[in-house]
Amino acid sequence: MIRKISLKFLLGFLLIFSFSFVVLNQTVKEFIRTSNQSLITTELVGLKNNSNVYVRQAFLINHFSNNELYFGEMAEELGKNLKHASGNSVGVYTVQGELLYASDKSTFTLLEKNDLEEAVDGKTAFTIRSGENQTSVLFSYPVVIDGSKVGILRFSKDFTLMFQQSNRILDITLYITLAIFAAAFLFSYILSRHITLPLGKLTQASSEVKNGNLDIRIRFKRKDEIGRLAENFNDMVYQISQQINIIRKDRDQLIELHEQEKRFFDNITHELKTPLTSILGYAELIKANGERDPKFFEKGTNHIIEESKRLHTMVLKLLEVSRRQAYELEKVEAGSVLRAVCDSMVIRAQRYKKTITFNLENELYVMAQKDRMRQLFINLLDNAIKYSLDFSEIVVKGLHVDGKVRFIIYNPSDPIDAEQLSKLFEPFYLAHPKDSEEGSIGLGLSIVKSIVDEMEGSISIVSQDNHTTVTVEFNRLRSAKERNSHD
């Protein structure tokens, strides 16, 4: 395609330049020809007028009448005198065109007689005769005395110098025109290449993009429209690449989410099926045996109660994930809630051979729902216990920072990479599925995030130096004592 454009450029320029050159050359030639004819005509008119004056004076001095007989008698004398006066070869003819006298017979015996024939017919005419190194004009006109034509005078005037100058002007004009058009054609060719080569690169690059190569870029060191077009092309390819990456990332996330949901439903189906099957089995056995076996009856009823509680807890967790209704918030001293949770979780931590230490400042007031706040701390501490390293110490802090209430839970753990950190608050996601507690389905941190959002707080998780740090912040409420002292 680009070759065709280049060829069109070149052919178009060539046709335009050729046509312009021919027109200009012909115009110059015609102008020079017209100018030469004008000069020749002016010269010959002056020669004719001077000759007529001389002939009239000769007739008057010799008292000749105006007939052609007397003109013939004075032909030789007339011719010599006119040659001497004008410096040109002179031929004297009868009215019928017969030569009476010639100052140079070789000049007037040539075949060119068009001007002479015109003079015989009563007209003034001239013929240009060109040789190898000479250009002359044969000029003929009828001599009229007192209204009667008495003979014909014919002159041969040399115009070699004028025609040589005209030819030199024509040659110079030709060379200058050729040089100008050659320079213009060369400039046009370079300009066309300057335009078509970048277009060729753009075409190749667009073909690469069409074939899926989005890493291609065009580099033009130019500030014109083509340079701007290249920049726009690069920006366009970059934006397409970014959008495709986003689409791929969203696709991968959707695939992963779909897999997580599938695992979740598989797990929840299994988890729901197991206690229900157990409950149904014991219920059928109890129904069949009744109270005939008190020991089995007690064992069966206790098992049904335990499985029902586990099933109830699991259903509550599912409801927490899907629940979106707003809670009525109240003023809560979150430090005391966290202190109570830490005390209650010490036994669970000991079962995992871990310890909990806490340092909580006083009057950590926030707007919250007390039960939801308790649930928040339980989930965070439960996660810290389950996923911290063996024999580790879990550190809990609560403090005032810049008008905020900040809670920090800090524990040694295996490192968590950035991609996993970004997904920890997603439902069904397990950062360490192999180390997860049996029955865990990845809902704890999702519930935590929903609670923090309800209370207009913020939460972040950082994994660094084999430690995991969870930070939760809420807007701090002043106590009544602080308000009174401020007032």
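Listed by chain and number, the lysines whose C-alpha is less than 19 Å from the C-alpha of residue 83, apart from same-chain residues fewer than 8 away, are 48, 105, 157.
Counting only residues at least eight positions apart within a chain, or on another chain, the lysines with an alpha carbon under 29 Å from that of residue 370 are 309, 317, 331, 354, 386, 397, 404, 423, 449, 481. Working note: Karplus 6.51/-1.76/1.60 with θ = phi - 60° gives region 333-341 the couplings 8, 5, x, 5, 4, 5, 4, 5, 5 Hz, where Gly and Pro are set to x. Dipole of region 2-169 computed with +1 at Lys/Arg Cβ and -1 at Asp/Glu Cβ about the Cα centre; of 14, 25, 156, farthest Cα towards the positive end is 14. Here the Karplus relation 6.51 cos²θ - 1.76 cosθ + 1.60, evaluated at θ = phi - 60°, turns the backbone of region 152-157 into coupling constants of 9, 9, 10, 10, 10, 10 Hz, with x for every Gly and Pro. Here the Karplus relation 6.51 cos²θ - 1.76 cosθ + 1.60, evaluated at θ = phi - 60°, turns the backbone of region 395-402 into coupling constants of 9, 10, 10, x, 8, 8, 9, 6 Hz, with x for every Gly and Pro. Counting every other Cβ atom within 10 Å of each residue's Cβ, 135, 468 order from fewest to most as 135, 468. Of 306, 454, the sequence from fewest to most neighbouring Cβ atoms within 10 angstrom is 306, 454.
Peptides 75-88, 32-45, 138-151, ordered by how many other C-beta atoms sit within 10 Å of their residues on average, highest first, read 138-151, 75-88, 32-45. Among 363-374, 97-108, the peptide with the highest mean count of other Cβ atoms within 10 Å heads the list, and the full ranking is 363-374, 97-108. Between residue 284 and residue 240, the distance separating the two model label sites (each 7 Å from Cα on the Cα→Cβ line) works out to 6.4 nm.
One decimal place: the segment residue 182-residue 28 gains 53.6 nm when fully extended, by the rule 0.36 nm per residue minus the C-alpha distance.
Computed from the coordinates by the stated procedures, all read-outs in this text should not be read as laboratory data. Keep in mind the model is a prediction, meaning the values are calculated, not measured. Virtual Cβ from ideal backbone geometry, glycine too; neighbours counted across all protein chains shown.
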